[in-house]
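The values are calculated or read from the model by the stated rules, or taken from the named source; none is laboratory data. Bear in mind that the values here come from a model prediction, so they are computed numbers and not experimental data. Note that each Cβ is placed from the backbone with ideal geometry, even for glycine, and that neighbours are counted across all protein chains shown. Note: areas computed on protein heavy atoms with side chains; ligands, DNA, RNA excluded. Shrake-Rupley method; radii C 1.70, N 1.55, O 1.52, S 1.80 Å.
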Amino acid sequence: MLWAVIVNLALTGAQIAGGLVAVSTALIADGVHNLSDAMALVLAFGARRLARRPATSDFSYGWGRAETLAAFVNFLALIVVSLWLAIEAFGRLTDPPPVAGGLVMGLAAFALLVDLATAALVYRSARESVNIRAAFLHNLADAAASLAVIVGGALIWAFGWYLADPVLTLLISAVIIWHVLGEIGPVLRSLMLGAPPGIAADQVLAALRKLPGVADAHHLHLRQIDETRNAASVHLVTETADFSGLVRDAKVMLRETFAIQHSTIEIELPGGHCADEIGEDEPDGHHHHDDHDNARDDHAP
Ligand SMILES: [Zn+2]
Ligand SMILES: [Zn+2]
């Protein structure tokens with residue numbers, strides 16, 4: 001896999017340098033996209049190595065979120081560069097400068113070969129995981145972009161149709177931004193401390209309320225620690241005296257039913273006051289007034 005990164009980085013350098021020499025923003029756009037793909041691999045490898053380090057007292061959740069952060073930085077860079085190239089290409093639409101079509105064709109053909117080789121490499125393991133299948137589709141889209149640049153280079157080379165270059169640049173920028181918008185959602189969700197995808201807060205509360213001895217469950221927080229670990233905190237109101245047994249049952253249920261490996265559970269007695277409401281006036285009994293609780297039906301019967 002390392003040599004794939006090296007070949008991709010070399011290709012990228014050649015494309016961007018060639019794009020500058022040939023005055024072709026389309027070639028630069030294709031090169032930038034390949035650069036970001038190679039950077040994504042490098043960042044993923046680096047972040048994965050970092051993620052294996054043991055947790056410390058300062059970083060008690062470990063280093064798994066480095067992957068999320070790396071993905072976010074890569075997406076941001078892609079958006080900025082794509083917008084910059086699109087603006088540059090837009091300015092060239094009215095008066096497209098001469099572009100060295102032959103050089104563009106040659107470098108794009110080289111890029112197409114590398115894209116197809118990478119796609120073939122990925123395809124062998126494509127059926128194993130959703131992530132790899134997504135990577136394979138991404139590689140195919142990259143190959144299509146390189147193919148488009150070859151066609152553009154041919155149009156310029158054969159007919160002197162310089163407008164092809166900025167038009168292609170706009171197309172490639174649009175495809176890149178479309179890619180990013182399709183993939184950035186889960187990353188933003190994790191960074192915003194959103195609930196793990198596929199775990200519904202109301203279902204977690206309902207399952208907790210069904211546990212023997214639980215009278216009510218409220219003040220639920222759900223979040224992702226990293227790609228593979230989920231965390232929850234919740235208050236349980238109970239009539240039972242066996243607090244530790246109840247907490248154990250709840251943790252086992254959360255782990256086995258909802259894949260929440262890290263849960264923090266507070267116990268409250270029926271009729272007692274919720275510790276998180278101290279200092280708030282309670283006009284109608286046990287009710288939370290936090291904004292996040294108002295958004296959910298935490299106190300449903
Ligand atoms: Zn790509
Ligand atoms: Zn409470």
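When only Cα pairs below 8 angstrom with a gap of at least 6 residues are kept, the stretch 195-276 shows a relative contact order of 28 percent.
In this structure, the amide hydrogen of residue 266, modeled 1.01 Å from its nitrogen in the peptide plane, lies closer than 5 angstrom to those of 234, 235, 236, counting only residues at least 5 positions away or on a different chain. Relative to the current alpha-carbon distance between residue 178 and residue 48, full extension at 0.36 nm per residue lengthens the span by 44.2 nm. Take residue 171: with every protein chain present and a 1.4 Å probe, its accessible area is about 100 Å². Between residue 144 and residue 10, the modelled label-to-label distance comes to 2.9 nm, taking each label 7 Å out from Cα in the direction of the beta carbon. Only helices reaching 15 angstrom along their own axis (Cα) with mean Kyte-Doolittle hydropathy no lower than 1.0 count here, and for the DSSP H runs of the chain these are 2-22, 65-92, 101-123, 130-159, 164-191.
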